[in-house]
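Take a look at the structure below.
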Amino acid sequence: MRKIYLVGFMGSGKSVIGRRLSYFLRLPYYDMDREIVRQQGMSIPEIFEKYGEEYFRKLETDFLLNFRDEACIISTGGGVAVNEENRKIMRRTGLVFFLDANFEDIYKRVKNDKNRPIVQKSTKNELEQLYFSRKKYYHLAGHIRVLTENRSIRQIVEYIAFQVNRLKGE
Ligand code: S3P
């Protein structure tokens, strides 16, 4: 079986949904950011500060290229789907779900997060612009779009599991 990737903007619920989906489908779960932090022995803000964003983007592609061949669930970082090579790797090796949340909900969740360097250095307006400029890439990356607004975590997880089972044989 293939991998299940969750893509979407920061704060769209990728990690929470990934963890819950992992119980539901009995598949291992990996948070890409957490794996990169472990490999590098540094936090995301430290990586950004010490080596810059471009270097971090390279680590993301390396992760996708080298991660073990195993049926599992992977929540990606919010910038992963922007890169064409990343999109190709994900679509080739798995099923990609775009978690689509509205900006106001996202902003409420991320605005005070010290562990997200892009949030730290951006105004609300800048973040909103980034959100809209990235949307097309999430659409391009995703096989299936999941609307999260006004849906509980349980409903979202059940919907994704239903789609995974439906598409299993393809
Ligand atoms: C980023 C999103 C973060 C993390 C890094 C950069 C982005 O992941 O990879 O801070 O460019 O949107 P989350 O989407 O899990 O917050």
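Given a 1.4 angstrom probe, I'd like the percentage of the accessible area of the chain that is carbon and sulfur, rounded to a whole number.
The computed percentage sits at 47.
In this model, which of Lys50/Lys124; Lys58/Lys114; Lys14/Lys135 are farther than 18 Å apart at the alpha-carbon?
Lys50/Lys124; Lys58/Lys114
Starting from 0.36 nm per residue, how many nanometres of slack lie between Ile153 and Tyr23 once their C-alpha separation is accounted for?
The span from Ile153 to Tyr23 would gain 45.5 nm if fully extended.
Using θ = phi - 60° and the Karplus curve 6.51 cos²θ - 1.76 cosθ + 1.60, what whole-Hz ³J(HN,Hα) does each residue of the range 46-60 get, with Gly and Pro shown as x?
Coupling constants for the range 46-60: 5, 4, 4, 5, 7, 10, x, 5, 4, 5, 4, 5, 5, 4, 5 Hz.
How much length, in nm to one decimal, is gained on full extension between Arg109 and Lys88, taken as 0.36 nm per residue of separation minus their Cα-Cα distance?
4.6 nm
Mind checking which aspartates and glutamates have their C-alpha under 16 Å from Lys111, skipping anything on the same chain fewer than 8 residues away?
Within the straight-line limit of under 16 Å, Lys111 reaches these aspartates and glutamates: Glu126, Glu128.
Could you tell me the ratio Rg/Rh of the range 1-82? Both radii from Cα atoms, Rh via Kirkwood.
0.97
Suppose we keep just the alpha-carbon trace of the chain; what are its Rg and Dmax in angstrom?
In Å, with Rg to one decimal and Dmax whole: 15.2, 45.
Restricting attention to the alpha-carbon atoms of the range 100-160, what are Rg (one decimal) and Dmax (integer), both in Å?
So, for the range 100-160, Rg and Dmax equal 13.1, 36 Å respectively.
Could you state the accessible area per residue of the range 54-157 in Å², with a 1.4 Å probe and every protein chain left in place?
54
Given labels modelled 7 Å from the Cα in the Cβ direction, how far is it in nm from Ala71 to Glu54?
4.1
The values are calculated or read from the model by the stated rules, or taken from the named source; none is laboratory data. Treat the numbers as computed from the prediction; the structure is a model and nothing was measured. For neighbour counting, all protein chains shown are included, and Cβ atoms are generated from backbone atoms with ideal geometry for every residue, glycine included. Areas reflect the complete protein model, heavy atoms only, side chains present, ligands, DNA and RNA absent. Shrake-Rupley method; radii C 1.70, N 1.55, O 1.52, S 1.80 Å.
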